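Q: Structure in C-alpha cells, see below.
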Amino acid sequence: MSQSNHEMQSDHHDHGDHHNDSLKLHHELAIEGVSCASCVTKIEKALRAVPGVEHAEMNFAQRTAMVMGKVTDDALVTAVKAAGYGANPINATSEDDALDAKEEADRAYYKKLMRKTWIALALGGPLMLYALVTGEVNVNTNEERIAWLVVGILTGGVLYVSGRHFFVGAWKSFVNHSANMDTLIALGTGTAWLYSMVVVFFPEAVPAQARHVYFEATAIIIGLIDLGLALEVRARGKTSEAIKRLIGLQAKTARVVRDDAEVDIPIKDVLLGDVVRVRPGEKIPVDGDVLEGHTAIDESMLTGEPMPVEKGVGDEVVTGTLNKTGSFLFQATRVGKDTALAQIINMVKRAQNSKPPIGRLADIISAYFVPVVMIIAVFSALAWLNFGPAPAIALAIVSATTVLIIACPCALGLATPMSVMVGVGKAAEAGVLIRNGEALQTASKITAMILDKTGTITLGSPKVTDIVVASDESEEKVLQLAASLESGSEHPLALAIVESAKERGLTPGKVTNFNAIAGHGVEADIENQHVLFGNEKLMKERDINIADYVEQAQALASEAKTPMYFAIGQQLAAIIAVADPIKEDSIEAIKRLQHNGIRVVMLTGDNRDTAKAVAEKANITEFFAEVLPDQKADKVAELQMQNEIVGMTGDGINDAPALALANVGFAIGTGTDVAIESADITLMRGSLHGLADAIAVSKATLRNIKQNLFGAFIYNVAGVPVAAGVLYPVIGVLMNPVIAGAAMAFSSLTVVSNANRLRLFKAQEH
C-alpha cells in the first residue's frame with residue numbers, strides 16, 4: 001500500500017502563527033507505506049512523541065495525518081520516517097488545488113494498482129486454469145523442472161513488479177521491530193514461492209507426494225490483493241464528496257471595485273476592506289457587510305435552510321451563498337482561510353480525521369492481531385508437520401500461508417475512518433458541523449436534551465403577535481402611530497413594533513413633545529393627536545377606561561405575550577401584544593426528539609409564567625425558569641447525576657459553561673459564527689430539526705461502524721481457524737490460499753462499500 005508523496009494529497013488549512021511560518025499550529029501530512037490499523041497506532045505514537053505536539057491523529061482511509069502544536073513540518077516528517085514510514089507536508093495554495101492534486105494522485109495510484117493487478121493475473125490466471133484442467137502441478141521429471149523453473153522466474157518477476165510494495169513495507173516494519181498487514185502478505189506469498197523454488201531445484205529433498213508448486217497461488221494472491229486495493233482507492237474517493245461539494249461552493253473570481261472601476265480578480269487576490277459587486281445569480285466570493293443595495297440570498301448550501309434570506313445595508317453575507325435577485329455592493333470583512341466557508345471546511349476535515357472511542361478499539365486489537373496471527377500460522381504449520389497426513393510438509397506450507405493471507409486486518413483499519421468521513425460529511429450537508437469523532441459517537445447515546453428558550457426554541461427577537469382594536473381606528477393606523485412613537489427607542493419591544501410597521505409598508509409620522517414615563521410607558525403628540533402607550537398602571541393613572549379589555553390582556557399574557565395599551569386622546573384605541581414567538585418548526589422538532597425517547601428539558605432566565613406558556617406550547621413537561629447563566633451548568637450536572645447522557649443546546653454565549661459541561665454541546669449558530677469553541681456540534685441553521693438530524697446521523701454512523709467492525713472481526717476470526725485446517729479432520733476440507741487472497745481483498749471492498757451506503761442516508765423529519 002505504499003504510495004508516493006503525491007498519492008495522498010489532501011486539503012490544508014493553516015491557522016498558524018503568522019510571525020513564524022516554520023512553527024505553525026496546524027499541520028497536515030501525506031503518509032506513505034501505511035497498510036493497516038497497527039501502522040496508524042505507530043505513526044500517531046511517533047508524532048505525539050515530538051516535543052511541542054499537542055494532538056496528532058491519522059486518517060487511515062485518507063492516508064493523511066493532522067497534527068496540532070508548535071512544531072516544524074521537518075520535525076514531524078523525521079519522526080514518521082524514524083517509525084519506518086514516509087511523510088510529506090501538504091501545503092497546497094488553496095483547498096481547490098489540494099483537492100485537484102489529491103484526485104489526480106488517486107487516479108494515478110488506481111491506474112498503477114490496476115496495472116500491477118493485470119500483470120499478476122495475466123500469469124496467475126492461465127496457471128490456475130492449467131492446474132484445474134490437468135491437475136498436474138507436481139515436479140517429477142527434468143522436463144517439468146525446466147518448465148516450472150521458467151514459471152518460477154516469471155512469478156518472481158510478478159512478486160517484484162506487482163508485490164514489491166508489500167515486501168518493502170514488511171521490511172520497514174521488521175527493521176522497526178513490528179509487524180503489519182504487509183508482513184502477513186509478504187510472509188505468505190514469499191513462503192509459497194520459496195517452497196515452490198525448493199521443489200524445483202531440489203525435488204529429492206521433498207517427499208514425492210509433496211512436490212507440489214504454488215506459483216499460481218502466489219501470482220493470483222498478489223493480483224487479487226492489488227485489485228482489492230485499487231477498488232478501495234476508487235470507492236474511497238466517494239467518501240470525500242461532502243468536502244468536494246463544500247469546496248465547490250467557493251466562487252473562482254470576485255468583481256472588485258478598484259480605482260472607480262469594477263474588475264474581475266481571482267478569489268485569492270481579494271483583500272480585507274475591498275468593495276465587491278455581486279450580481280443576480282452569482283455566488284458571494286468572500287464574507288462581508290452589505291454597503292449598498294437590497295437582495296435575497298439563498299443560504300441553503302451552508303445552512304440547509306431552503307428559504308432565501310432578505311439582505312440590506314449593514315447585513316452580513318457569507319462565502320458560497322447564492323445571490324438570487326438584486327445587485328449589491330459589500331465590503332470584505334473576512335477573506336481566504338478566515339471566511340466562514342473555509343472554517344467550515346477545516347472543521348469538517350478535522351472531524352473526519354478524528355477517531356470516535358469505538359475506533360480506538362480497532363487500533364488496539366490490530367496492534368496485537370498481526371503478531372498473534374503469525375504465532376497461529378507457526379503453530380498451524382507445526383501441527384501439520386507433526387500430526388498431519390502425507391504430504392505433511394506441503395500441507396503445513398499451505399495452512400501457514402493461508403492463515404497469514406486471510407488474517408490481514410486491512411478491513412479492520414478501514415472500518416471506522418470510512419464511516420466517520422461519510423457521516424461527518426453527511427451531517428455537514430444538513431447544516432450540522434460535528435467537531436470530533438467523540439461527539440459523533442456520544443450524540444447517538446443522548447438520553448436527555450436541555451434546550452435554552454430564547455433564540456433556541458423561540459426566535460430570539462420579539463415580534464408583534466396581536467393587535468386588538470378597541471376604537472374606530474384601523475389596525476394599520478394604530479400600528480403606524482405606535483411605530484411613530486417608538487421609532488426613537490432602542491428597547492426590544494419598541495423595535496418589534498417599528499419592524500412590524502416597516503413590514504406592512506407603513507411610514508412613521510412626525511413626533512413632538514415626546515416623554516418617557518419610567519416603568520410605565522411613553523407619551524407624545526403625533527399628527528395633532530396626543531397618544532399614550534404603556535402598561536395598565538399608566539392607563540389607570542391617566543383615567544383611561546380599559547375595564548372591558550383587561551381580561552383580554554390577561555389572556556394574552558398567559559400565552560407568554562406582553563400586552564401594551566395604546567390610547568389616542570382619552571380613549572383606548574388598541575392592545576398591542578408583543579412576544580418572542582416559538583420558531584415555526586420547534587414544536588415538530590421537539591416532537592421528533594421525544595419520539596426518539598429523549599427527555600426534553602427547557603431552561604430559561606425568563607419568568608415562570610412566560611416559561612410555562614412556552615413549555616406548554618412546545619409540549620415540554622419539564623422546565624426551569626429564572627435560571628441565571630452561571631446556574632445553567634448546575635442543571636446539566638443535576639441531570640448527569642441522574643445517569644442521563646446530556647445534550648445541551650444554546651446560543652453559545654451565556655450558555656458556554658453548560659455547553660462545555662454537557663456530554664454533547666450543541667450551539668445554535670449561523671453560518672458565519674462557526675467558531676463557537678465551547679460546543680461539540682454547531683447547528684448552522686436556527687432550526688431544532690438540526691438536533692434530531694445530528695442524532696439521526698450519529699446513530700446511522702455508529703450502526704455503520706459496528707457493521708463494518710463486525711464484518712471485519714467475524715471474517716478474520718472465523719477465517720483463521722478454517723485456514724489453519726480445523727475442518728480437515730471433520731470433512732476433509734483445507735482452504736486454498738487463492739480463496740484466502742480473494743476473500744481478504746474483497747473484505748476491504750465490502751467495508752468501503754458499506755460505509756458509502758451512508759451517503760444515501762436521509763434524516764427523516766417526522
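The values are calculated or read from the model by the stated rules, or taken from the named source; none is laboratory data. These numbers come from a predicted model, not from an experiment. Cβ coordinates were reconstructed from backbone atoms using ideal geometry, including for glycine residues, and neighbour counts include every protein chain displayed. With ligands, DNA and RNA removed, areas are computed over all heavy atoms of the protein, side chains included. Shrake-Rupley method; radii C 1.70, N 1.55, O 1.52, S 1.80 Å.
Q: Take the conditions modelled with pLDDT of 80 or more and of a type in the set (Val, Ile, Thr) and apply them to Ile365. Does it pass?
A: So Ile365 does not fit the description; no.
Q: Only one of Thr442, Thr401, Thr416 is within 28 Å of Val600 (Cα to Cα) and polar (S, T, N, Q). Can you tell me which?
A: Result: Thr442 is the single residue among Thr442, Thr401, Thr416 that is within 28 Å of Val600 (Cα to Cα) and polar (S, T, N, Q).
Q: On the basis of being within 20 Å of the chain's Cα centre (by Cα), under 30 Å from Leu194 (Cβ atoms) and either assigned to a helix (DSSP H, G or I) or β-branched (Val, Ile, Thr) (or both), does Gly359 make the cut?
A: When the stated conditions are applied, Gly359 does not pass them.
Q: A further question on this structure: Which one of the conditions (1) farther than 21 Å from Asp338 by Cα; (2) modelled with pLDDT of 90 or more; (3) touching a Pro at 6+ places or on another chain (Cβ under 7 Å) does Val276 fail to meet, given that it meets all the rest?
A: (1)
Q: Hey, can you tell me all the residues within segment 700-713 that are surrounded by fewer than 23 Cβ atoms within 10 Å (Cβ to Cβ) and under 30 Å from Asp298 (Cβ atoms)?
A: The answer is Ala700, and nothing else.
Q: Also, I was wondering about something else. Enumerate the helices (runs of 4 or more DSSP H) found wholly within segment 544-649, keeping only those where 3 or more residues are modelled with pLDDT of 85 or more and within 23 Å of Gly690 (Cα to Cα).
A: Fully inside segment 544-649 and qualifying: 586-595, 608-617, 629-641.
Q: Report the residue count in segment 714-753 for those that are open to solvent by 30 Å² or more (accessible area, probe 1.4 Å), of a type outside the set (A, V, I, L, M) and at pLDDT 75 or above.
A: Residues in segment 714-753 being open to solvent by 30 Å² or more (accessible area, probe 1.4 Å), of a type outside the set (A, V, I, L, M) and at pLDDT 75 or above: 6 in total.
Q: Quick one: is Val636 more than 30 Å from Met539 (Cβ to Cβ) and β-branched (Val, Ile, Thr)?
A: yes
Q: Moving on to the next point. Name the residue that is most open to solvent (accessible area, probe 1.4 Å), counting only residues in segment 133-152 that are part of a helix (DSSP H, G or I) and of a type in the set (S, T, N, Q).
A: Asn142
Q: Tell me, which helices (runs of 4 or more DSSP H) wholly within segment 395-508 include 2 or more residues that are within 30 Å of Leu227 (Cα to Cα) and open to solvent by 10 Å² or more (accessible area, probe 1.4 Å)?
A: 410-429
Q: Any residue at all in segment 157-169 that is open to solvent by less than 20 Å² (accessible area, probe 1.4 Å), under 19 Å from Lys112 (Cα atoms), modelled with pLDDT of 80 or more and not in a helix (DSSP H, G or I)?
A: Yes: one or more hits.
Q: Name the residues in segment 336-372 that are of a type in the set (A, V, I, L, M) and surrounded by fewer than 23 Cβ atoms within 10 Å (Cβ to Cβ), would you?
A: Passing the criteria: Met347, Ile358, Leu361, Ile364, Ile365, Ala367, Val372.
Q: Give me a count of the residues in segment 319-335 that are buried (at least 24 other Cβ atoms within 10 Å of the Cβ) and modelled with pLDDT under 90.
A: Here the count works out to 3.
Q: Quick check: is even one residue across segment 576-584 aliphatic (A, V, I, L, M), open to solvent by less than 30 Å² (accessible area, probe 1.4 Å), farther than 19 Å from Thr649 by Cβ and touching a Phe, Trp or Tyr at 6+ places or on another chain (Cβ under 7 Å)?
A: yes
Q: Please list, ordered by first then second residue, the pairs with beta carbon atoms under 6 Å, 6 or more apart or interchain, first in segment 624-646 and free of Cβ contacts under 8 Å to residues at least 40 places away in the same chain, second of a type in the set (A, V, I, L, M, F, W, C).
A: From residues that are free of Cβ contacts under 8 Å to residues at least 40 places away in the same chain, the pairs are Phe624/Leu603; Ala625/Ala611; Val627/Leu603; Ala633/Ala658; Ala633/Leu661; Gln640/Val646.
Q: Could you tell me how many of the residues in segment 187-202 are open to solvent by less than 10 Å² (accessible area, probe 1.4 Å) and farther than 17 Å from Val738 by Cβ?
A: 2
Q: Of the conditions (1) of a type in the set (A, V, I, L, M, F, W, C); (2) over 29 Å from Met421 (Cβ atoms); (3) open to solvent by less than 20 Å² (accessible area, probe 1.4 Å), Val378 clears all except one; give me its number.
A: In the conditions (1) of a type in the set (A, V, I, L, M, F, W, C); (2) over 29 Å from Met421 (Cβ atoms); (3) open to solvent by less than 20 Å² (accessible area, probe 1.4 Å), Val378 misses (3) alone.
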